[in-house]
Every structure is written in structure tokens, then in C-alpha cells.
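K.L.:
First the structure, then my questions, so here it is.
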Amino acid sequence: MKRLKYKKGRKVQPNHFEYTGEHKDQPIEMQLFLYNSESYTETKNLNLEKVQVDELLASEDVKWLNVHGLHDGELIKKIVETIGVDSYIAGDILNVAKRTRMEELDNALFFSIKSILPEKEKANVRVEQISFLLKDNLLISFQEKRGDFFTHIRERIKTNTGLVCKKKNDFLLFLMLDAVMENFYITIEKYEDIIELLQIEAKVNESQDVLVRIEKCSEDLNYLKRSIIPLKDSLFNLKSMQDDDDFNGIDKSNYTFFSRLHQKSLELLDQVDYDINSLESASSFYFSAQSHRMNEIMKTLTIVSVVFIPLTFIVGVYGMNFENIPELKTPNGYFITLGVMFVLVLGMIYYFKRKKWF
């Protein structure tokens, strides 16, 4: 997993912001969805110049403006200013290295979230920042590149399925945040499969490659944890706005849905913590297994050494160059000495066996 580093948006001129992400070659596309409980309209390849913003905001229909591609900082800044939101929010949208956060503005709600999804072919994950602006009946979503995170939401709007067409854009925001959080579950599930294999390999594989993969997986899960914690805090602040009489962008009856998202974030944190502990257990078992193997080797070498120590002593005694060694003139001294040595070895092996030292 690539670690995100903070990068300050370069300001060539005052209020001029620059996109800090990697998808600078993505074409900018905008789609506008207008719907209510009875009708649905979709406008593709939207041109901001042709949009009558005042009429759009005054309409009772729910509006969803989806923007793909962020490399045109001036366009993003213009979209933000057009709906009457402070331009500094454009900098937060374009600087994708910032953490997940929620901010209550005077007349709008800003929410940015990291979308994390595993890649199909590589053992890695994709990280993308998605930002939302909620104002009146308008919801604007900013994505770094085209993705299929919200395809099922579009289908529900087109087919008038569920509650999405019966509620306002605050419920649409809930659905989109929920869709992004589902990617965390998919990512965690992928890593749990990897952890299961690592736990098995740690028990049977002596290669250090196992330990390297354990550490990499642990780093990725810690990154996931660092992504979920600010999300949890933001969702807690969002659901806490229920008692705030100054902000009416979210219907009182819909705060229950955001409470569910907060509960999901707690579940995600618990699961990531459990997986990190599982990796630590696998790492500890690997080191314990390595220590056990080393102890077995040292025990074998020690037993061999102990067996040969008395034999070396006997050989050393009778290898001395003194003339007065009575046993040297014994006719069967050689065979007697070999017999004593053989019996001594058998006795020591029997003793070690009884002690269950090997």
C-alpha cells in the first residue's frame, strides 16, 4: 500500500489551487441527476456555463452533481464558489493527502473520505479521495477518476427503488458514504485471506520471506486503521449535529442512518485491530518456532559433544608420551579400552533417553 504524504497545494496566485493526486491525465466529466419520487433526469457531459445555478438550487427536486477528475483546479474552485461556498474548500478537495474530515459550514456541509479498494491483479490497494458538498437540495461529489462506486445508487434512482427517490439529498449522502465504506469491508476481507495463509506458513515455513510479508501486511492494516479513525470521528461529529439547531441540511429522521455508519466504522476498527493482533500472533509464533528449531539444533549438538567428551578424555590419556603407562603393555588393552568406550557411549545414550533429552 502506497503511503500518502502531505503535499501543500501550490498557490501561484491567491486562491489558485493545484491538484496533488496522481490521476492528472483523467478527463474531467460532470453528470447531473435530478429526481423526485415521480421523475428522473440525467444530463451527461455537463458544461458548467450552461447551468442556471440559482434556478437549480431553487428547484424542489434532488440534485446530484457528480464530478470525475480534479486536475483542473480553477474549475473545481469555480464550482465551489458558484454554489456560494468559501473557496478554501476547493483546496481541501484538491489536496488528496489530507485526512478524512467533516466540516459544517455556514450554509453547507463538507465531507471528504478515503476510498480504499484492493487491486485485482496485484497484492496492493487503490486509495482515492472522494469529497462531498451538501447544500439545500444539491449534493456534489468529487472523484479523482471515474469509478463504479455509485453504480448501484444510480440504478436505484433510475428504477425508483427503495427510499432514495422518496428522501432528500442527505439520504443520498448516506448511501454514498455507505458505498465507500463497503470498500473497507472488501479490503479487510482480502487481507484476512492473506493473514490466514501467513498464519499457516509461519508454522511450517522457515524462510524469512514469511516474516517480510507479515510485516508488510501489518503496515497495510495500520494504514487502514489510520484511515478509519478520522472517518469514525467525522461520523460521530456528523451524527452529533442532530442537536444542533443552526444546521438544517440533514433531516432529523435521517440522523439514524448516519448513526449506523458510525457503528460500521467501530466494527471496521474492531476487525482491523483483531487482524493486527492475528498478525502479531503469527509473527510471535514464527519467532517461537525459529527459537524452538535453534534449541533443537543446539540440543543435538550438545548431546553429541557430551558423548564424545569422555571418549576424547580416554584417548587423550593414553595418547600421552610417558614411558610408565602400565596399560600400554597389556596384551588386550586396545580391545578393553574400545569396549569400555563403547559401553560408556551406550550408558550415556540410555541415560539421556530416560531423561527424555532427545
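K.L.:
Among 19-28, 225-234, how do they line up from the highest to the lowest mean number of other beta-carbon atoms within 10 Å?
P.N.:
225-234, 19-28
K.L.:
In a shell of Cβ-Cβ distance under 14 Å around PHE257, excluding PHE257 itself, what net charge do Lys and Arg (+1) and Asp and Glu (-1) give? Walk me through the numbers before you get to the answer.
P.N.:
Working: positive: LYS166, LYS167, LYS168, LYS239, LYS252, ARG260, LYS264; negative: ASP170, ASP178, ASP251.
So the environment of PHE257 carries a net charge of +4.
K.L.:
Something else about it: Please give me the summed charge of the neighbours of GLY347: other residues whose Cβ is under 15 Å from its Cβ, Lys and Arg +1, Asp and Glu -1.
P.N.:
Working: positive: LYS353, ARG354, LYS355; negative: none.
That sum, taken over residues with Cβ under 15 Å, equals +3.
K.L.:
Right, here's the next one. Hey, of [x] 44, 22, 19; [y] 74, 21, 16; [z] 28, 25, 20, which did the structure itself give for semi-axes √(5λ) of the Cα gyration tensor in Å when calculated?
P.N.:
[y]
K.L.:
Helix-only estimate, please: 222 nm mean residue ellipticity of the chain, summing -39500 (n - 2.57) across DSSP H runs of length 4 or more and dividing by its residues, to the nearest 500. Before the final figure, lay out each step's value.
P.N.:
Values: 8 runs with 186 residues, N = 358.
For the chain, the value works out to -18500 deg cm²/dmol.
K.L.:
Report, in degrees rounded to the nearest 10, the 0 to 90 angle that the Cα long axis of helix 333-354 makes with the longest principal axis of the chain.
P.N.:
Approximately 30 degrees, to the nearest ten.
K.L.:
What is the chain's relative contact order, in percent, from Cα pairs under 8 angstrom and six or more apart in sequence?
P.N.:
Details: 437 pairs, mean separation 49.4, N = 358.
For the chain, the relative contact order is 14 percent.
K.L.:
State which entries of LYS114/LYS264; LYS44/LYS158; LYS24/LYS158; LYS203/LYS225; LYS98/LYS158 exceed 24 angstrom in Cα-Cα distance in the structure shown. Don't jump to the answer; show the numbers that get you there.
P.N.:
On the way: LYS114/LYS264 15 Å; LYS44/LYS158 14 Å; LYS24/LYS158 31 Å; LYS203/LYS225 27 Å; LYS98/LYS158 34 Å.
Checking Cα-Cα distances, LYS24/LYS158; LYS203/LYS225; LYS98/LYS158 exceed 24 Å.
K.L.:
For the Cα atoms of the chain, what angle does the longest principal axis make with the long axis of helix 73-82, in degrees from 0 to 90, nearest 10?
P.N.:
With rounding to tens, the tilt is 50 degrees.
K.L.:
So, one more: Tally Lys and Arg at +1 and Asp and Glu at -1 over the other residues with C-beta under 12 Å from the C-beta of GLU189: what net charge comes out? If you can, show how the numbers build up before the last one.
P.N.:
Details: positive: LYS190; negative: GLU182, GLU192, ASP193, GLU196, ASP275.
Here the charged neighbours net out to -4.
K.L.:
Give the residue list of trypsin sites (Lys or Arg not before Pro) in segment 104-182 that are DSSP loop and have at most 14 other beta-carbon atoms within 10 angstrom.
P.N.:
Details: sites: LYS114, LYS120, LYS122, ARG126, LYS135, LYS145, ARG146, ARG154, ARG156, LYS158, LYS166, LYS167, LYS168; in loops: LYS120, LYS122, LYS145, ARG146, LYS166, LYS167, LYS168.
Within segment 104-182, the qualifying trypsin sites (Lys or Arg not before Pro) (loop, at most 14 other Cβ atoms within 10 Å) are LYS120, LYS122, ARG146, LYS166.
K.L.:
A further question follows. Please calculate the 1.4 Å probe accessible area of THR43, with all protein chains present, and give it to the nearest 10 Å².
P.N.:
50 Å²
K.L.:
Lys/Arg Cβ at +1, Asp/Glu Cβ at -1, dipole of the chain taken about the Cα centre: which of LEU261, TYR274, ALA97 is farthest positive-ward?
P.N.:
Projecting each Cα onto the dipole axis, the largest value belongs to TYR274.
K.L.:
With springs only between Cα atoms under 10 Å apart, run a GNM on the chain and tell me which of LYS329, LYS190, LYS77 wobbles the most.
P.N.:
Of LYS329, LYS190, LYS77, the Gaussian network model singles out LYS329 as fluctuating most.
K.L.:
Of the options TYR350, ASN332, VAL315, report the single residue whose Cα projects farthest towards the positive end of the charge dipole of the chain (beta-carbon charges: Lys, Arg +1; Asp, Glu -1).
P.N.:
My answer, from the dipole projection, is ASN332.
The values are calculated or read from the model by the stated rules, or taken from the named source; none is laboratory data. The model shown is predicted, which means the values in this text are computed figures rather than measured ones. When we count neighbours, we look across all protein chains shown, and the Cβ atoms used for this are built from the backbone with ideal geometry, even at glycine. Ligands, DNA and RNA are excluded from the accessible area calculation, which covers all protein heavy atoms including side chains. Shrake-Rupley method; radii C 1.70, N 1.55, O 1.52, S 1.80 Å.
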